[in-house]
Amino acid sequence: MYKEICSKYAPTKDNLIYILHEIQDAEPQHYISKEAVLAVSDYLKLPENHIYGVMTFYSMYSTTPRGKHIIRLCESPPCYIKGSENILRKLGIILGVEVGETTKDGMFTLELCACLGVCGNAPVMMINEDVYGDLSEEKVEEIIESIRGRQ
Amino acid sequence: MKTLADLKKIREKAQEDLKLRSGNTRVKIVVGMGTSGIAMGAREVMKTFLEEIATRNLTDVLVTQTGEKGLSSIEPVVDVIEEGKDSITYGNMTPDKVKKVIAEHIVNGRIVSDYVVQTGN
Amino acid sequence: MSLKRIDLLICCGSGCVSAGALKIKERFHEVLAENNITNEVNIIETGCMGPCDYGPVMVIYPEGIFYQKVTPEDVEDIVKEHFLKGRPVTRLMLQDKDKTIQIQKDVPFYHKQIKVALENCGYINPDSLEEYIATGGYEALGRVLLEMTPQEAINIIKESGLRGRGGGGFPTHIKWQMVHDNTQEKVKYIICNGDEGDPGAFMDRSLLEGDPHRILEGMMIAAYCMGASEGFFYIRAEYPLAITRIKQAIEQAKELGLMGQNVFGTDFCFDAEVRTGAGAFVCGEEMALISSIEGQRGNPTPKPPYPAVQGLWGKPTVVNNVETLGNIPTIISRGAEWFASMGTEKSKGTKVFALTGDIRNTGLVEVPMGITLRELIFDVGGGMIGDHKFKAVQLGGPSGGCLTADHLDTPVDYENLKARGAMMGSGGIIVMNEEKCMVNVAKFFMDFCVEESCGKCSPCRIGLKQMLEILERITSGKGKEGDIDELLRLGESVSKLSLCGLGQTAPNPVLSTIRYFRDEYESHIRDQSCNSKVCLDLMHFNIDKERCIGCSLCARKCPTNCISGSREDKYTIHQVDCIKCGNCFDVCPVKAVEKIPGMHPEIVERQKEMAKAAKRNDD
């Protein structure tokens, strides 16, 4: 799989970030494995430490397996002012995990992230690519329930 | 795309899609769509206007609707509003009458006085 | 064949989408089909219309009726009443005092606004190149290519007085001129900086999503002026829709021959591609951004050499912000004089601001430079929510500063804000009411910068961390005399010594809050009291026995069982065990639980005892 993804891009260094994005998206557990790093290193002729350096610099890459749905709650000041702390507490209670952890069933990973640029509707969170705004504790509960229900 | 004239051609064509939003139209046709208007066939009247205008490719005409105008006895009622002219109100409209209003009034500028129930505001 | 008679513009900016705009759109499709009028109504997804707080919003033409806070349940009414019977649905219109506002342009939110960059946002379909062209799109590019030399076009931008909208306010024409004048180097690049990361700013996202062709046209004009034939859009990976829209715009422009070889039959050839980040705030800094495009860690490098001399892959490069590029086509078509007629002496034109925080009309606005903060917050923004009082406004995100009620009549432009310790930044405006603790806010911004520091240079990496530790100490009641001076000293050093803009500006929120809210810092340190009752260690909960009805709800909801009492004796909080979760405060039906500034005497006593015990152990 890794080779296939790599071969879509020219073997130049500037494609590293895109290859990593695509590998992580294709991986059901949303992370970049050691094998993937080796394959990319081989393809781009870059040392592994360069790849690890890039991966750990950017917050969106993970070196450990994550859940099927990645919840990214905005921790920026506009959301904080509108009560994101309560939302975080609520998410922690509903999911039974701390920030950075994945639920036991592998469904959700709870993360914090920098501004999502939807500050007019703060507090907000993103689950995979969907943005949810004007969050309240009740609304968060509904959203998580509906995603669980979809399974 | 080689010249500004080429771009202008595309622009003019595309502006028709924005006609409803920009308000740059010569004639505005307002169909009264209150309960009594609808009961008397205003939907058919509206539909005929839309079809006729599309068939004849009249790009400077806009059709919209309004609520009850209090003229129940002569519904369906249609206003034809042209910039700088008195508005004309037609009453007791039917699809056939619509075709005539389009052909005479909208295209050739001749008011169909037989159907007129009111002029000015 | 039939003619459309209604344009239904549904705002699909991120704010409205997060509030459910897409579900409403689906519902419209269903209800229109049920009523057999699908072919009479155009459903158009537009970019951000601005008033996010009213979302989901929509405008219905030809009348221009504005509906707000629409739910899927309202769709049936809109179709049956408005579309079929011509009776607009009054209950979905905005109420301003006793007035019902029908038409979009009558909404007070829009009154003081002049839209230049945002002109088409929320008005055209961003998926349609034709609609952009219908509003005059790509004419500016055509005119520049066919009728002007690069130098003539640069002169127009110079005369317009346009300055970079991303934060620094550097005159746009100077960057272009430098790269233009380099005639030795054949390969040059133009980069559009769409790595918007300032908390509280979302204008770049809205522009990229709502009017992508405008940004593309601006980029091509810039490219022609400086002699570049390749461009890059660097967009945050957090903005998937913006990425899709720009990619699509590039494809559409190529298809029509507006991009590619010999545009408008001239020698100008241009190609652009989209590059994305992967979650790093520092990549908004131009040198870091260039490193990131090259496939490296987004570390900034010392300047000089400036990117205009040695940028992407060592070639001369101009990095322009999204909003800056968005102004270019309009400046070319309406003239430098027109643009320069708006604004103040040194800050020309308009600026897009994102209003957020404790303000009634949050959203995206575009106003002439020089408007006062008061007009911006109270007229455009509608003032504070509820009965709250205005306390402070934070401008320019983590690089900016806080201003107070004394500054409300300050004209908003680059110089005036800077003189008062804030900055324009990218235009994020966070309004705060009297319940906010300024020390806590400063700590919050510092926390953000510490997290986002790339770690390359030590003043930023170590200095900011030191500042954060002091702030944490102060907000947890362990502040010492001299902490404020230490913060000032560290802040100045970090500002002076850091490599890039992130570090140079990161101390600003702390420095400006010390400047204007020093008393709050002092009460945190000396009185161990957070008068805004935000810092948990410096406030406590208390039950007012007069008001308590003895219902025991608080005691049952307390996770540490530290509330006891009875119906007769009323209830009391045992301060030593209280973890200040706030449950009792939330559940009390008669609001008998109150927040009191300062530590409870029992806690102070206990801390003293513990300190003594610790000292004995040491001895």
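Only the coordinates and a few stated rules stand behind these numbers; no lab work does. Treat the numbers as computed from the prediction; the structure is a model and nothing was measured. Heads up, the Cβs are rebuilt from the backbone with ideal geometry, glycines too, and the neighbour counts pull from every protein chain shown.
In whole Å, how far is the Cα centre of region C:218-261 from that of region C:272-337?
For region C:218-261 versus region C:272-337, the Cα centre distance is 13 Å.
What does the average come to when, for each residue of peptide C:131-143, you count the partner chain Cβ atoms lying within 10 Å of its Cβ?
5
Could you tell me the largest-minus-smallest coordinate of the C-alpha atoms of region A:69-150 on each of the three principal axes, in descending order and whole angstroms?
Result, largest extent first: 33, 22, 21 Å.
Rounded to a whole number of µm²/s, how large is the Stokes-Einstein D of region B:24-120 at 20 °C and 1.002 mPa s, given Rh as the Kirkwood radius over C-alpha pairs?
165 µm²/s
How big is the antiparallel share of DSSP beta bridges in chain C, given as a percent to the nearest 5?
Numbers: 40 of 67 bridges.
Within chain C, antiparallel bridges account for around 60 percent of the total.
Can you tell me the dipole magnitude for chain C around its Cα centre, using point charges on the Cβ only (Lys, Arg +1; Asp, Glu -1), in Debye to the nearest 20?
Values: 70 positive and 84 negative charges, 218 e Å.
Roughly 1040 debye for chain C.
So how far, in whole Å, is the C-alpha centre of region C:463-498 from the one of region A:98-151?
Cα centroid of region C:463-498 versus Cα centroid of region A:98-151: 34 Å apart.
When Cβ neighbours within 10 Å are restricted to other protein chains, what is their mean count per residue of peptide B:20-26?
Taking all residues of B:20-26 together, the mean is 5.
Add +1 for every Lys or Arg and -1 for every Asp or Glu among the other residues with Cβ under 15 Å from the Cβ of C:PHE541, and state the total.
+2
What three numbers, in Å, describe the spread of the alpha carbons of region B:1-59 along their principal axes, ordered from the longest?
Projected onto the principal axes, the Cα atoms of region B:1-59 cover 54, 21, 15 Å.
Can you work out D for chain C in µm² s⁻¹ from Stokes-Einstein, where Rh is the Kirkwood radius over C-alpha pairs, the temperature is 4 °C and the viscosity is 1.567 mPa s?
Values: Rh = 26.8 Å.
Answer, rounded: 48 µm²/s.
Quick one: net charge of C:LYS591's neighbours, Cβ under 14 Å, K/R +1, D/E -1?
On the way: positive: C:LYS545, C:ARG547, C:LYS595; negative: C:ASP544, C:GLU546, C:ASP586, C:GLU594.
Spelling it out: positives minus negatives among the neighbours equals -1.
Residues of region C:446-479 with backbone nitrogen within less than 19 Å of a virtual label 7 Å along the Cα-to-Cβ line of A:ASN49, please, listed as ranges.
Taking a point 7 Å out along Cα→Cβ of A:ASN49, the residues of region C:446-479 whose backbone N falls under 19 Å are C:455-457.
Considering only DSSP beta bridges with both partners in region A:66-151, what is the antiparallel share in %, to the nearest 5?
That works out to approximately 55 percent antiparallel.
If you take the C-alpha gyration tensor of chain A, multiply each eigenvalue by 5 and take the square root, what semi-axes do you get, largest first, in whole Å?
32, 16, 13
Which whole number in µm²/s is D for region C:6-107 by Stokes-Einstein, with the Kirkwood Rh taken over Cα pairs at 25 °C and 0.890 mPa s?
183 µm²/s
How would you rank C:333-344, C:268-279, highest first, on the average number of other Cβ atoms within 10 Å across their residues?
In descending order of packing, they fall as C:268-279, C:333-344.
Based on DSSP H runs of at least 4 residues, each adding -39500 (n - 2.57), what is the mean residue ellipticity at 222 nm of the protein assembly as shown after dividing by all its residues, to the nearest 500 deg cm²/dmol? Write down the numbers at each step before the final one.
Numbers: 34 runs with 330 residues, N = 891.
For the protein assembly as shown, the value works out to -11000 deg cm²/dmol.
Near C:VAL576, within a Cβ-to-Cβ distance under 15 Å, what is the net charge of the other residues, with Lys and Arg +1 and Asp and Glu -1? Numbers along the way, then the final one.
Values: positive: C:LYS580, C:ARG606, C:LYS608; negative: C:ASP537, C:ASP577, C:GLU602, C:GLU605, C:GLU609.
Taking every other residue near C:VAL576 into account, the sum is -2.
Could you check how many percent of all C-alpha pairs in region C:438-526 are farther apart than 21 Å?
In whole percent, the share of Cα-Cα pairs in region C:438-526 beyond 21 Å is 21.
Nearest 20 debye, what's the magnitude of the dipole of the protein assembly as shown about its Cα centre given +1 on Lys and Arg Cβ and -1 on Asp and Glu Cβ?
For this selection, approximately 540 debye.
How many Cβ atoms of partner chains, on average, are near each residue of C:79-87 if near means within 10 Å of its Cβ?
Mean shielding count: 5.
A 18 angstrom limit on the alpha carbon distance is what I want to check against. Which of C:LYS112/C:LYS351; B:LYS8/C:LYS105; C:LYS389/C:LYS533; C:LYS348/C:LYS418; B:LYS69/B:LYS97 exceed it?
B:LYS8/C:LYS105; B:LYS69/B:LYS97, as the Cα separations exceed 18 Å there.
Sorted from fewest to most neighbouring beta carbons within 10 Å, what does the list B:LYS100, C:LYS85 look like?
B:LYS100, C:LYS85
Which peptide among A:134-145, C:602-613, C:310-321 comes first, and what is the full order, when sorted by highest mean count of other Cβ atoms within 10 Å? Could you put the intermediate results ahead of the total?
On the way: A:134-145: 16.0, C:602-613: 12.1, C:310-321: 21.8.
Ranked from most to least packed, the peptides come out as C:310-321, A:134-145, C:602-613.
If each of C:LYS580 and C:SER128 carries a label point 7 Å out from its Cα toward its Cβ, how far apart are those two points in nm?
Rounded to a tenth, the inter-label distance reads 5.6 nm.
Which value in nm describes the separation of the simple spin-label points at A:LEU38 and C:ALA33, placed 7 Å from the Cα toward the beta carbon?
Between A:LEU38 and C:ALA33, the simple spin-label model gives 5.1 nm.
Taking the Kirkwood radius as the inverse of the mean 1/r across Cα pairs, report the Rg/Rh of region A:2-57.
Details: Rg = 9.9 Å, Rh = 11.0 Å.
Across region A:2-57, the Cα-based Rg/Rh ratio is 0.91.
Which value results when the Cα radius of gyration for region C:78-232 is divided by 2.2 N^0.38 Å?
Its radius of gyration relative to the 2.2 N^0.38 Å reference: 1.36.
Is region C:284-406 rounded, prolate or oblate when judged by the Cα gyration tensor, a ≥ b ≥ c being the square roots of its eigenvalues, rounded requiring a/c under 1.5 and prolate requiring a/b larger than b/c?
Cα axes put region C:284-406 in the oblate bin.
Taking every DSSP beta bridge that has both residues in the protein assembly as shown, what percent is antiparallel when rounded to the nearest 5?
60 percent
Rounded, prolate or oblate: which one fits the protein assembly as shown, using the alpha carbon gyration tensor with axes a ≥ b ≥ c (rounded when a/c is under 1.5, else prolate when a/b beats b/c, else oblate)?
In terms of gyration-tensor shape, oblate.
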